[in-house]
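Have a look at the structure below before the remarks.
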Amino acid sequence: MTEVSNRSVGRALEIIKLLSSHESPLGLKDIAEGLGLPRSSTLTLLRALRDYDFVAVDDDGRYSVGLGCFEAGSAYARSMTPAKAAEDELRRLTATFNITSHFAILEGADVVYVAKQDPPNLGVRLASSIGARLPAVGTAVGKAQLAYVALPDSTGPISDDIALELELTRERGYALDEGATALGIRCIAAPVFSDRGCVGAVGVSYLQQSDLSVPEIAESVLAVANAVSTRLGGRPLTRGAA
């Protein structure tokens, strides 16, 4: 009985996903054939979803996502802050490479660290403690965001070197800090986007003398940042896009 119930729930969710991927309403035949389900079973599921407002049906008998989907999505959006969206991904980064990971937001000319994961037995004290505030232009998490936002007046004039570095950040998709924030510490960061634009950056910090590959770590950081962006309703980063 449980297996049957689970299968029914799964099929109902597949219907919602199918409807949400189409701008126009779909008929019963299109839905059944699209999911490879019998029409009778599909109709039963559609009626149940309609009863709970997760599906709407028009005068022509075609189906689209209902108000219940909007309400559930809105509740998710209200509860899913950028820092919360990043928490699980930070844990995975730290567990995979045994390095510190963090999430920071831009506030004026500074970045503020709002989430962090440290590996066990961390022997080096890093600047990225939760609540710490650092100049954005000197940090990887700051440059990762400054490359994609209008620079605030409080940052002051941007040097040619920083301007070139922000351009390089856009080209490769991540920002790099080689010991500028903390001597002997390398930091790599990538921007996070919501539907409102850049809302933060995921970063990692570890010893420069480590044998960890910069390209490998950078790819992982970028993948994590894109996963967080997707969770927030933003578009994953396309390298080279301003």
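The values are calculated or read from the model by the stated rules, or taken from the named source; none is laboratory data. In this text the structure is predicted, and so the values were computed from the model without any measurement. Methodologically, a virtual Cβ is constructed for each residue, glycine included, from the backbone with ideal geometry; neighbour enumeration extends over all protein chains shown. Each accessible area value is taken on the protein alone, full model and side chains, heavy atoms only, with ligands, DNA and RNA left out. Shrake-Rupley method; radii C 1.70, N 1.55, O 1.52, S 1.80 Å.
Brief remarks on what is shown
- Annotation note: Cβ proximity below 8 Å between a residue of segment 17-32 that is among the charged types (D, E, K, R) and a residue that is open to solvent by 30 Å² or more (accessible area, probe 1.4 Å) (sequence gap 6+ or interchain) occurs for LYS29/ARG39.
- Options ALA147, ALA85: the member that is at pLDDT 90 or above and not charged (D, E, K, R): ALA147
- Candidate set: segment 53-70, residues that are open to solvent by 50 Å² or more (accessible area, probe 1.4 Å) and under 29 Å from the mean Cα position of the chain (by Cα); chosen: the one modelled with the lowest pLDDT: PHE70
- Taking segment 207-219 as the range and being touching a strand residue (DSSP E or B) at 6+ places or on another chain (Cβ under 8 Å) and under 23 Å from LEU166 (Cβ atoms) as the test, the residues that pass are GLN208, VAL214, ILE217, ALA218.
- A search for C-beta distances below 6 Å between a residue of segment 106-119 that is closer than 11 Å to GLY142 by Cβ and any residue that is open to solvent by 40 Å² or more (accessible area, probe 1.4 Å) and in a loop (DSSP other than H, G, I, E, B), counting only pairs 6+ apart in sequence or on different chains, returns TYR113/ILE130.
- Set TYR206, TYR174: member being more than 17 Å from LYS143 (Cβ to Cβ) and of a type in the set (Phe, Trp, Tyr): TYR206
- Subset tally (residues that are open to solvent by less than 30 Å² (accessible area, probe 1.4 Å) and part of a loop (DSSP other than H, G, I, E, B)) for segment 157-181: 2
- Whenever a residue of segment 87-105 is more than 11 Å from SER205 (Cβ to Cβ), its partners that are part of a helix (DSSP H, G or I) and modelled with pLDDT under 90, lying with C-beta atoms within less than 6 angstrom and at least six residues away or across chains, give the pairs PHE103/ALA83; PHE103/ALA86.
- Positions within segment 107-121 being in contact with a helix residue (DSSP H, G or I) (Cβ under 7 Å, 6 or more places away or on another chain), open to solvent by less than 50 Å² (accessible area, probe 1.4 Å) and of a type in the set (A, V, I, L, M, F, W, C), in sequence order: ALA109, VAL111, ALA115
- Some residue of segment 212-226 being assigned to a loop (DSSP other than H, G, I, E, B), open to solvent by 20 Å² or more (accessible area, probe 1.4 Å), at pLDDT 90 or above and closer than 24 Å to GLY108 by Cβ: no
- Qualifying residue in segment 170-187 (condition: more than 22 Å from the chain's Cα centre (by Cα), over 21 Å from ILE217 (Cα atoms) and among the β-branched types (Val, Ile, Thr)): no
- Among the conditions (1) modelled with pLDDT of 90 or more; (2) assigned to a helix (DSSP H, G or I); (3) under 19 Å from CYS69 (Cβ atoms), the only one that LYS29 does not satisfy is (3).
- Within this structure, ARG50 fails the test of being within 30 Å of VAL214 (Cβ to Cβ) and open to solvent by 90 Å² or more (accessible area, probe 1.4 Å).
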